[in-house]
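Nothing in this text is a laboratory measurement; each read-out follows from the coordinates by a stated rule. Here the structure is a predicted model, which means the values were calculated and not measured. Here Cβ is always computed from backbone atoms with ideal geometry, including for glycine, and neighbour counts include all displayed protein chains.
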Amino acid sequence: MSMTRAQVVTVAAGGSALLLGGAFLFQMMGYPPCKLCLWQRWPHAIAFVIGIAFLVIPSRIIAILGALAAATSGAIGLFHMGVEQKWWEGPSSCTSGDITNLTPEQLLESIMAAPLVRCDDIAWALAGISMAGWNMIISFFLAGIWLVAARRFG
């Protein structure tokens, strides 16, 4: 059974919508998002809108834009996962950072300015993979689905 381009795009855009819905569900369950979590949501919202645009004006360019949106969320998810694993530092506004050379006054200022939700903490994981990691995996998969839709114009 072969799917039409519109069906393939519906799966890709629907996947982004489901990821957004899942993020909001976790938020309602008491897992507030950090700054990087929020950054990962925007490309999915854009991918969903691109999916609607594709259904109105089907074109290879629109499908490629959908792939770029999904891949962008995947790249942010990869970056976020690296921050969680301490492979690299995240934005100073959402990670603990290095405190070794701080004066007591600077340390107190750092504590008072600390975000409520840190990007370098793993709030929830499944099979050893954090939410950022799952977003990365699923987002890159969705980008591939968008590319399948783009190739069907050949």
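For the range 74-85, the Karplus equation 6.51 cos²θ - 1.76 cosθ + 1.60, evaluated at θ = phi - 60°, returns couplings of x, 5, 5, x, 4, 4, 4, 4, x, 5, 4, 7 Hz by residue, with Gly and Pro reported as x.
Placing a pseudo-label 7 Å from each Cα along the Cα-to-Cβ vector at LEU18 and ALA127 gives an inter-label distance of 1.4 nm.
Ranking of ARG41, ARG151 by neighbouring Cβ atoms within 10 Å, starting from the fewest: ARG151, ARG41. For mean projected area of the Cα convex hull in nm², one of (1) 10.4; (2) 15.0; (3) 11.0 was computed from the structure I shared and the rest are decoys. Which label? Here mean projected area of the Cα convex hull in nm² agrees with entry (3).
Per-residue Cβ neighbour counts within 10 Å put THR4, THR72 in the sequence THR4, THR72, beginning with the fewest.
Model label sites at TRP88 and ARG60, defined 7 Å from Cα along the beta-carbon direction, differ in position by 3.2 nm. Look at MET3, MET136, MET29 and count the other Cβ atoms within 10 Å of each Cβ; fewest to most, that gives MET29, MET3, MET136.
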